[in-house]
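K.L.:
The structure follows.
The values are calculated or read from the model by the stated rules, or taken from the named source; none is laboratory data. Please read these numbers as outputs of a predicted model, since none were measured by experiment. Neighbour counts are summed over all protein chains in view; Cβ atoms, including those assigned to glycine, are modelled from backbone coordinates with ideal geometry.
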Amino acid sequence: MTPLDADELEGHRRELRVHCYRLLGSYTDAEDLVQETFLRAWTKRDTFEGRSTLRAWLYRIATNACLDWLDGKARRVLPHHRAGPSDPSVGFAPRTDVPWLQPFPDQELVAPAESGPEAVAVRRETIELAFLAALQFLPARQRAALVLRDVHGWPASDVAAALELSVPAVNSALQRARATLRENLPQRRADWRAATEPTLAEKQLLTRYLDAVHRGDVDAVAALLADDVRTTMPPWPVWFRGRENVRRALASSWDPALEGYVGEFVVRPVGANRQPAVASWTRRPGDPGFRPFAISVLEVRDGFVTEMTAFHDPALFPAFGLPAEISPADR
């Protein structure tokens, strides 16, 4: 029997959280499942005999904890998975009963002092929102098999042992999973870069975007968008396709003369899913400070924003290390 201690378990927290996030599509649930993994591991510590690495043993526990959690639950989605494009002139109420996909803070992807053979760099293409959204189309066990085999590079025999399946069953599940994934990934998937940071061009575009939002300049924002841009705003079950429709939607909420005015903006760059991202706070007339509005994750291609997902969930701000309020003096 190989002894375990709490510090050994804690050293794997970040990579286990990323693993659970891929399977669940939820940062919040991933944190809960890491705690469940540690609880199961500590309870079963007498059964760990060192025949595999501690890391592999923990991944096996985490995977099965996630599968138990997913049993009977609806997959996490974005608004464009539920219905066709929305009319910018029609209002909708938010849907808190829908399990929406969540973003993942870049600061939680890599520990500051990670080194050694167990330090795993998170490849950009396996954490981007489009990949996470496509994974959610897979049945839970296929999703787990694909992540363990294609993302982590486990041999099929190890995947089979982790999922308590035969190797032929794992290979069959992988074949179906890969086909489904290809159907639900963007056509430009083959062009994605393996870089782990936004490119210089993306950072420059993000600077222009921040300035335009800060000034509330709808036309300047629209100039940064691709002709066929898609925007979504969970938990609002709406999404818009095309630059002009997005411009109309923004104009209806950024104009102080209109009823839907959201207020002045404060914006800050953040890291989410290895993509350019923006945190925004708003202050309506009479409010003392700026309150959390959204964390917007951008996809940039050929010098334009091709997709923008604005997560309107103040509960996400602490996970990104962001304040719950900004005073006008700090704007």
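K.L.:
I'd like the residue in the stretch 57-98 that is more than 22 Å from the chain's Cα centre (by Cα) and crowded, with 17+ Cβ neighbours inside 10 Å and, out of all such residues, is nearest to LEU185 (Cα to Cα).
P.N.:
SER86
K.L.:
Checking ALA294 against (1) out of contact with any His (no Cβ under 7 Å at 6 or more places or on another chain); (2) not in a loop (DSSP other than H, G, I, E, B); (3) not polar (S, T, N, Q): exactly one of these is not met. Which one?
P.N.:
It fails just one condition, (1).
K.L.:
Please enumerate the residues belonging to the stretch 208-228 that are assigned to a helix (DSSP H, G or I), in contact (Cβ under 8 Å) with a residue 24 or more places away in the chain and either under 29 Å from VAL122 (Cβ atoms) or not assigned by TED's automatic domain parsing to the domain that holds ASN273 (or both).
P.N.:
TYR209, LEU210, VAL213
K.L.:
Of all residues in the stretch 308-331, count the ones that are outside any loop (DSSP other than H, G, I, E, B) and surrounded by 14 or more Cβ atoms within 10 Å (Cβ to Cβ).
P.N.:
10
K.L.:
Name the one entry in GLY72, GLY25 that is within 30 Å of PHE293 (Cα to Cα) and outside the structural domain of GLU244 (by TED's automatic domain parsing).
P.N.:
Only one candidate passes the filter, namely GLY25.
K.L.:
Conditions first: (1) surrounded by 21 or more Cβ atoms within 10 Å (Cβ to Cβ); (2) at pLDDT below 95; (3) not β-branched (Val, Ile, Thr). LEU148 passes all but one, so which condition is the exception?
P.N.:
If we test LEU148 against (1) surrounded by 21 or more Cβ atoms within 10 Å (Cβ to Cβ); (2) at pLDDT below 95; (3) not β-branched (Val, Ile, Thr), just (2) comes out false.
K.L.:
Taking into account only those residues within the stretch 278-307 that are out of contact with any helix residue (DSSP H, G or I) (no Cβ under 8 Å at 6 or more places or on another chain) and closer than 17 Å to ALA133 by Cβ, which is surrounded by the most Cβ atoms within 10 Å (Cβ to Cβ)?
P.N.:
Of everything passing the filter in the stretch 278-307, SER296 is surrounded by the most Cβ atoms within 10 Å (Cβ to Cβ).
K.L.:
Condition first: assigned to a strand (DSSP E or B), in contact with a Pro (Cβ under 8 Å, 6 or more places away or on another chain) and not charged (D, E, K, R). Now tell me which residues in the stretch 231-248 satisfy that.
P.N.:
Hits for the stretch 231-248 are THR232, MET233, TRP236, PRO237, VAL238, TRP239, PHE240.
K.L.:
Among ALA257, ALA272, which is closer than 25 Å to VAL98 by Cα and in the same structural domain as ASP219 (by TED's automatic domain parsing)?
P.N.:
ALA272
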